[in-house]
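What follows is a short report on a single structure.
The values are calculated or read from the model by the stated rules, or taken from the named source; none is laboratory data. Because the structure is a prediction, the values reported are computed rather than measured. Heads up, the Cβs are rebuilt from the backbone with ideal geometry, glycines too, and the neighbour counts pull from every protein chain shown.
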Amino acid sequence: MTLMQSAMWCRDLAKTYDGKVEAVRGIDLEIGVGECFGLLGPNGAGKTTTIEMLEGLLAPTRGEIEILGKRWGEDDDAVRQRLGISLQETKLADKLTVEETITLFRSFYDRRRSVQEILELTGLTEKRSSWVVKLSGGQRQRLAIACALVGNPELVFLDEPTTGLDPQSRRHLWDVIRDFRRERKTVLLTTHYMEEAERLCDRVAIVDHGKIIALGSPRELIQRLGGDHVVELEVSDAPRIPIEDLEKLPSVRRSYREGDLLGLAVKEVHLAIPALMAYLGERGSELEHLSTRHASLEDVFVSLTGRHLRDG
Amino acid sequence: MRLEPFYRLLIARIREPLREPEVVFWVFVFPILLAVGLGIAFRNKPQEQISVAIVDGPRAREVAAVLEADPQLVVRISNGEDARSELRLGKVALVVVPREPYEYRFDPTRPEAELAQAHIEGVLQKAAGRKDAFDAVEVEVSEPGARYIDFLIPGLLGMNLMSGGMWGVGFAVVDMRTRKLLKRLVASPMRKSEFIAALLMSRVVFMLVELVALLVFGYFVFDIVVRGSVTAAVLVGLLGALTFGGIGILVASRAQKIETVSGLMNLVMLPMFVFSGIFFSADRFPEMMQPAIQALPLTMLNDALRAIIIEGQTLFSQSREILGLLLWGGVSFVLSIKWFRWT
């Protein structure tokens, strides 16, 4: 990391609301130029509070922030000229058209891109004369991103860019983000969709209860589980099976229990499954369901917290 | 402040309301409908007829003949019971009981009753032989400038500037805050001064349209002419628009919910709707309340607009009102800049 030129960093960043609610409890981050970095965590983990402090919209209770080589309060105008921001759930003016909205935001910036270029990049060319109120959820999100990109920023903050969208709109938005990443822009995004983080981000920080509980590339984090595969099984006497026993099976790196479901992080499926079958046969357990899949960041989160991301 | 962001923000602030049909109705159509309605209701009527009942008796016919000779009187003869109920229901203004001494029965709290009493007394006394001490001629006067509609139009203009400032600035700002649009704007390199200037300037543009619409309508429909200088009227309108724009920003400076700002706006506007002389003169309220009423910004605005539009006074003669408005607008503006929350 130290070799990389830093686009922004923060140290011991914390926010306590009304002197009691600790939303963020000491976060350290460094994001390199050209990197796409994801803050991944369940709702209420402190992602939005963190990103709004980094954006200079919320004063931290403690900690230091440096954005593009500047502290907030030094020369905010100049920093904002180089930032692109899309907030969570901003409702842009209903009765302005897509083109009018982009033109308005464009007027604030010095190094702007043409409206036509931005419409093409975000796939909104056909909707340029539609009122915002007539757009679908996905189109509104793309408009929000268009407003973030129209000033040709070096660093882009996207807070939950795809929350609430249907799978097709979500994929469309990923394409938009991937397209402008080709221009070596630095991106910080928050999400509670692990699939999104895996597809888009070079590195992710998993955030829970206002702290970072894991940091690294999606690949690294999954490998830290000890296996690329997850075997999930339901058996008649699941609550009585000691999960330590399962970890002794060949190629099984970790095991966890989630209600009636048992999960194993496995390195080599073809070694683990026969051994698992033999073990269950010995116990006389009846196998009701078995599935294997590639491990995901979701499994990383579950193995670290015992909860699913969506559970909050 | 940069010119292009200011211009783009201003265009957006003008376009948005014009695309809301209900805003166009309340801002441009409603005041004109109100002027038409009230102009018809309070148009100058020909001299009113007075209805009078005579209680039947030996001299009733003789008295009726005398009163019927007067074109302003409508006379009927009723028995005592009927006359009483006609008086109670307001069908007649007065009942005459023709015996010695003559009796006039009327309810003095009704304005028409006292007029009827004086008029009928005069007619009957004259018929009985009373001589006038001198001759007098009646000349009827109804000039443009002295009618109710002349009084009303500047009041409607003032009312429009007040509600325009509150809705067009106060409501709009809180709406943008609840949508997080204000936060999104400050996250961009937009300068706050550009935003505030565009907000106030949009009020000035709407003020000009409203002022011209009402004055042109008044001229063509009711022959109302601006007696003072049009420039002075526009300048006072401008000051009014900015003052209420400033009060609008103040009201909106912290409110987080539409309900909160609606309540605050009503709290500010209601006293002025009642006391500031929109539909009738503020002088009708008791002496004791006058210092407070005269200190309200809408009272000052209405007084200054009327002085220039109906009385043809100069801008200079209204310096007290102008200073008052500047003070209201300036103090509101300074406080709102201090308290304003973008998030």
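Of the residues B:VAL174, B:VAL225, B:VAL234, B:VAL212, which is assigned to a helix (DSSP H, G or I), surrounded by fewer than 20 Cβ atoms within 10 Å (Cβ to Cβ) and touching a residue at least 12 places away in the same chain (Cβ under 8 Å)? That would be B:VAL234, the only listed residue that is assigned to a helix (DSSP H, G or I), surrounded by fewer than 20 Cβ atoms within 10 Å (Cβ to Cβ) and touching a residue at least 12 places away in the same chain (Cβ under 8 Å). Scanning the stretch B:10-54 for residues that are surrounded by 13 or more Cβ atoms within 10 Å (Cβ to Cβ), more than 14 Å from every other protein chain (Cβ to nearest Cβ) and assigned to a helix (DSSP H, G or I) yields B:TRP26, B:VAL27, B:PHE28, B:PHE30, B:PRO31, B:ILE32, B:LEU34, B:ALA35, B:VAL36, B:LEU38, B:GLY39. Of the strands (runs of 3 or more DSSP E) lying entirely inside the stretch A:195-266, those carrying at least 1 residues that are modelled with pLDDT under 90 and of a type outside the set (Ser, Thr, Tyr) are A:229-235, A:252-258, A:261-266. The set of residues in the stretch A:81-92 being more than 7 Å from chain B (Cβ to nearest Cβ), polar (S, T, N, Q) and either in contact with a Leu (Cβ under 7 Å, 6 or more places away or on another chain) or in a helix (DSSP H, G or I) (or both) consists of A:SER86 alone.
Restricting attention to the stretch B:147-200, the residues that are more than 13 Å from every other protein chain (Cβ to nearest Cβ) and under 19 Å from B:LEU238 (Cα atoms) total 22.
Using the structure shown, decide if A:SER86 is under 28 Å from the mean Cα position of the chain (by Cα), within 27 Å of B:GLU20 (Cβ to Cβ) and touching a residue at least 24 places away in the same chain (Cβ under 8 Å). Judged against the criteria, A:SER86 is a match. Criterion first (buried (at least 17 other Cβ atoms within 10 Å of the Cβ), under 25 Å from A:THR191 (Cα atoms) and not aromatic (Phe, Trp, Tyr)) does A:LEU104 satisfy it? Considered against the rule, which asks whether it is buried (at least 17 other Cβ atoms within 10 Å of the Cβ), under 25 Å from A:THR191 (Cα atoms) and not aromatic (Phe, Trp, Tyr), A:LEU104 comes out as no. If I filter the stretch B:320-341 for residues that are within 14 Å of chain A (Cβ to nearest Cβ) and loosely packed, with under 13 Cβ neighbours inside 10 Å, do I get at least one hit? Within the stretch B:320-341, one or more residues are within 14 Å of chain A (Cβ to nearest Cβ) and loosely packed, with under 13 Cβ neighbours inside 10 Å.
Taken over the stretch A:55-78, the criterion of being within 9 Å of chain B (Cβ to nearest Cβ) and farther than 22 Å from A:VAL187 by Cβ is satisfied by A:ASP77 alone. Considering the stretch A:93-161, the qualifying helices (runs of 4 or more DSSP H), each wholly inside and each with 1 or more residues that are at the interface with chain B (Cβ under 10 Å from one of its Cβ atoms) and within 25 Å of A:THR49 (Cα to Cα), run over A:98-106, A:137-149.
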